[in-house]
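Everything below concerns the one structure shown next.
Laboratory data are not the source of any read-out in this text; all were calculated from the coordinates shown. Predicted, not measured: the structure shown is a model, and the values here were computed from it. Every residue, glycine as well, gets a Cβ built from its backbone with ideal geometry; the counts of neighbours run over all protein chains shown.
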Amino acid sequence: MTQARTERGKYFFKVSEYGDGTCWISTENNGKHMPLLEEALLGFDLPTGTTLKKAQAIADFLNDNLGDVSITIFDTHPMYRKK
């Protein structure tokens, strides 16, 4: 029987830019962190050509409409036992 472990945390979504000016959405811990994401960064690439204004609208939408971020790993994952 497969076992799973789920962690939840509070994250703030913000607009970041790569060196070439391409926008993407990054996350910042907002209080309650997930041990699985310690020393890691969760990010989301946006469609090619997304403007800074559109990227900000997406980040605002996520901040206004999402609760906790969660990640579930299964017992076959190398980090399953680490806490």
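Taking the stretch 49-64, which residues are under 14 Å from D20 (Cβ atoms), in contact (Cβ under 8 Å) with a residue 24 or more places away in the chain and either of a type in the set (K, R) or surrounded by fewer than 13 Cβ atoms within 10 Å (Cβ to Cβ) (or both)?
L52, the sole residue that qualifies.
Rundown of residues vs (1) over 12 Å from the mean Cα position of the chain (by Cα); (2) more than 20 Å from A4 (Cα to Cα), yes/no style:
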residue: E28; (1), (2): no, yes
residue: H33; (1), (2): no, no
residue: E39; (1), (2): yes, yes
residue: T50; (1), (2): yes, yes
residue: D60; (1), (2): yes, yes
residue: S70; (1), (2): no, no
residue: D75; (1), (2): yes, no
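Just to confirm my filter: which strands (runs of 3 or more DSSP E) fall fully inside the stretch 1-63 and include at least 1 residues that are under 17 Å from I73 (Cα atoms) and among the aliphatic types (A, V, I, L, M)?
Filter on the stretch 1-63 gives 4-9.
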